[in-house]
Amino acid sequence: MSAHRQETVRRLAAPDIAARKGGVPIVCLTAYTAPVAAALDDACDVLLVGDSLGMVVHGLPNTVGVTMEMMILHGQAVMRGSKKAMVVVDMPFGSYEGAPEEAYANAVRIMKETGAQAVKVESGPTVPETIRYLVDRGVPVMGHVGLRPQAVLVDGGFKAKGRDEEGRQKILAEARATADAGAFAVVVEGVAEALAREITQAIAPPTIGIGASAGCDGQVLVSDDMLGLFDWTPKFVRRYADLKGAIEKAAADYARDVQDRSFPGVAETYYAKKD
């Protein structure tokens, strides 16, 4: 045996997540940078490099302007920072809605250039065919039904879905089609509690809810929302920290110490060597 052999931690993969259906709930958070991925890794089963990074990190008004290059750059960072959690990278708007062959080329590029274990697509009416095309060619795919952020310009905003019978039937059909196409898990966003439970019971892959009640097989939140980095958060978010307040206080303390010349002090200063 090589003296240079290194012990490695096996990452979770699509079969591990699929096997959690009806079991211990799946823990998922978004991650966009290496240090945050490292901090979240132990607690999470899945780290989602969401296209929400366009809004959260880059200050865009929605996710429509996110590019393949942005997703790959952040996906690479999250892979470097994590060891255990499965890393799933969102396919950005425009990268999978056309010909399945184009979607496959983009998915392969994401997986090759980041090393991520899967991609995620928003499962609109025409997408299940593409999911099947990708899965048949070795690309693990996570689906996404309900409120679809990439459709914000069509929907006229971020609005809860499936709250009337027509909407309920449409989303339920999309969830079933996504599952039948081979998705190993399905994110369910912004739907009524009864519909989330119905979808969870109706499809074989585990559901991961965001604003979709505790009736799903797991949960995902945007980490920056959960950590309290913004003044406003959606109804479905529970804040587990106030990092914005902590950062503001740290910055104010730093400014005070710089201005009164107490920073840098002796401990933070280099001195010439004595003879």
Next item on the list: Can you figure out the FRET efficiency of Phe263 with Ala241, using R₀ = 25 Å and their beta-carbon distance, to the nearest 0.05?
Entry: 0.45
Checklist line | Principal-axis tilt of helix 243-259 within the chain, Cα atoms, nearest 10 degrees | finding: 20
Note to self: How large is the accessible surface of Val64 in square angstrom, using a 1.4 angstrom probe and rounding to the nearest 10?
What the structure shows: 40
Check: Under 5 Å between amide H atoms, partner at least 5 residues away or on a different chain: which partners does Ala116 have, H built in plane at 1.01 Å?
Finding: none
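Say the cut-off is 26 Å between C-alpha atoms; which of Lys120/Lys244; Lys83/Lys120; Lys112/Lys235; Lys120/Lys170; Lys249/Lys273; Lys120/Lys161 go over it? Each step should come with its number before you reach the end.
On the way: Lys120/Lys244 29 Å; Lys83/Lys120 20 Å; Lys112/Lys235 37 Å; Lys120/Lys170 20 Å; Lys249/Lys273 36 Å; Lys120/Lys161 20 Å.
Pairs exceeding the cut-off: Lys120/Lys244; Lys112/Lys235; Lys249/Lys273.
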Next item on the list: Please determine, in degrees from 0 to 90 and to the nearest 10, the orientation of helix 100-114 with respect to the longest principal axis defined by the Cα atoms of the chain, where the helix direction is its Cα long axis.
Entry: 30
Notebook entry, point to check: So what are the ³J(HN,Hα) numbers for region 197-207, from phi and the Karplus equation (6.51, -1.76, 1.60; θ = phi - 60°), rounded to whole Hz, Gly and Pro as x?
Noted result: 5, 5, 4, 4, 7, 8, 10, 6, x, x, 9
Checklist line | Selection from Gly22, Pro35, Val141 lying farthest towards where the dipole of region 14-242 points positive, charges on Cβ | finding: Gly22
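Stokes-Einstein D for region 1-142 at 20 °C, 1.002 mPa s, Kirkwood Rh over Cα pairs, in µm²/s?
Values: Rh = 15.7 Å.
This corresponds to a translational diffusion coefficient of 137 µm²/s.
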Next item on the list: Work the Kirkwood hydrodynamic radius out for the chain: mean of 1/r over every pair of different alpha-carbon atoms, inverted, in Å.
Entry: 20.0
Notebook entry, point to check: With every protein chain kept in the model, how would you rank Leu172, Leu12 by accessible area, 1.4 Å probe, largest at the top?
Noted result: Leu12, Leu172
Note to self: Can you give me the angle between helix 165-180 and the longest principal axis of the chain, using Cα atoms only, in degrees from 0 to 90, rounded to the nearest 10?
What the structure shows: 80
Item checked: Whole-number percent relative contact order across the chain, with pairs defined as alpha carbons under 8 Å at least 6 apart -> 16
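Report the net charge of residues surrounding Asp16, where surrounding means a beta-carbon distance below 10 angstrom and charges are Lys +1, Arg +1, Asp -1, Glu -1. Display every interim value, and only then the final one.
Numbers: positive: Arg10, Arg11, Arg20; negative: Asp45.
The answer is +2.
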Next item on the list: Per DSSP H run of at least 4 residues, take -39500 (n - 2.57); add these up for the chain, divide by its residues and hand me the 222 nm value, nearest 500 deg cm²/dmol.
Entry: -11000 deg cm²/dmol
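The values are calculated or read from the model by the stated rules, or taken from the named source; none is laboratory data. These figures come from a predicted structure and were not determined experimentally. As a convention, Cβ positions derive from the backbone with ideal geometry for all residues, glycine included, and neighbour counts pool all protein chains shown. In case anyone asks, the SASA skips ligands and DNA or RNA and just uses the protein heavy atoms, side chains included. Shrake-Rupley method; radii C 1.70, N 1.55, O 1.52, S 1.80 Å.
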